[in-house]
Amino acid sequence: MKEKIALLTLTDRGLDTILRIVHGLPESVQPKIYLHQKVIPQKNITAQRDYQVFSRLKDIVPQLWQESEVLVFVMASGIVVRQIASLVEGKDRDPAVLVLDEAGEFVIPLLSGHLGGANAWARQISEHIKAVPVITTATDVRGMVAPDEYARRYGWKVEPVSHLPEVNSLLLKRSYLNVWTSYPFQANENAWLQDSHYRFLPDSDKDQANVIIDAFPDSNVKGDSLYLVPPVLSVGVGCRRGVAKEIILERILTAIQLLGASPKAISGLYSIDLKSDEVGLIEAAAYLGVPFRTFPAEELQTVNHQNQLNRSNFVSEKIGVDGVCEAASLLGTSKGRLILPKTKGQGVTVAISIENFML
């Protein structure tokens, strides 16, 4: 899925800068350019699908705030602050917001520098258009990588986000954080293990950790500690045709709660290819912000036999496989194991598998 970036400007010079930025964006990005209507006659632009025209920022910014991962404003920072002030929700919910002057000399990551990736985007854009990145987050200024920046790089979630300020302050004050992980790292592929600002602890010293990497967070974690939750839980789902999104979500979240896990640890929803167009499953995955993938019946049946999974005569008669959710959850992992066998209710079956390794 391509990362959605909206680029907005009020002037013709700003458009020139936006085009320079877009020229250097990777293929994994889906950019959309928004121009103020006064730019059209100045640049002699004919109507085309590459540009969206607006008359007032307040008419488009709220919608873009919900739809985009990154917002790039080429205009005065004061204008941007006034536009987004009422939309800001939190570090884990706001898009990355960057501001550039219309000449493209400076790039300011204004909001969501770490979790949203604004700092990383500022560096990337600056390198391409030969601008100066104006980064003000204290850890970056001191040459440190904050734990929420590592979370962004690896696609992990922070829990609770409210502990981030205290943990980052401790990093600045002490110059290191203690880390404990419940999953093995591949040392030769992980730069974090080489970061001198982090000390990885043995199991016996877990209670001294400031950063805990685990899918099963404790709600009573101390204030100078937080969890980084990796997406290691694969959720297999089977359902009757036409089951509503709300029921599917209820069954999934109930299963997650049974494990004592965080919903943020869900890597994706998985099912049989007969359900590839099931609206409830598609909408449930979208609500959770995870991918939805299906597998052929033959592939599921192979996993059922190899792992001697629970068999349903009803399912076997209807679709030709012994079961869907357990096999689908295992196929959703790289080399995982089943940790929650099939649960069922309200026309929905759910099973959960977990990855054995990370990174």
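List of remarks:
- The residues listed here are A151, A120; of these, the one that is within 23 Å of the chain's Cα centre (by Cα), assigned by TED's automatic domain parsing to the domain that holds G90 and within 23 Å of V290 (Cβ to Cβ) is A120.
- Residue that is modelled with pLDDT of 95 or more and surrounded by 19 or more Cβ atoms within 10 Å (Cβ to Cβ), where the choices are L253, L269, L259: L269
Here's the yes/no breakdown for (1) under 21 Å from K264 (Cβ atoms); (2) among the polar types (S, T, N, Q); (3) in contact (Cβ under 8 Å) with a residue 24 or more places away in the chain; (4) loosely packed, with under 15 Cβ neighbours inside 10 Å:
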residue	(1), (2), (3), (4)
E149	yes, no, yes, no
R152	yes, no, yes, no
G155	yes, no, yes, yes
P165	yes, no, no, yes
L171	no, no, yes, no
R174	no, no, no, yes
Y183	yes, no, yes, no
D195	no, no, yes, no
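- Taken over the range 132-147, the criterion of being under 27 Å from D101 (Cα atoms) and either assigned to a helix (DSSP H, G or I) or in contact (Cβ under 8 Å) with a residue 60 or more places away in the chain (or both) is satisfied by A138, T139, D140, V141.
- Qualifying residue in the range 121-144 (condition: in contact with a helix residue (DSSP H, G or I) (Cβ under 8 Å, 6 or more places away or on another chain) and under 30 Å from Y287 (Cα atoms)): no
- Qualifying residue in the range 304-324 (condition: modelled with pLDDT of 90 or more, of a type in the set (K, R) and either in the same structural domain as C239 (by TED's automatic domain parsing) or part of a loop (DSSP other than H, G, I, E, B) (or both)): no
- The strands (runs of 3 or more DSSP E) located wholly in the range 211-265 that include 1 or more residues which are within 30 Å of S169 (Cα to Cα) and not aliphatic (A, V, I, L, M) occupy 226-229.
The values are calculated or read from the model by the stated rules, or taken from the named source; none is laboratory data. All values reported here derive from a predicted model rather than from experimental measurement. We place every Cβ from the backbone using ideal geometry, glycine too, and count neighbours over all the protein chains shown.
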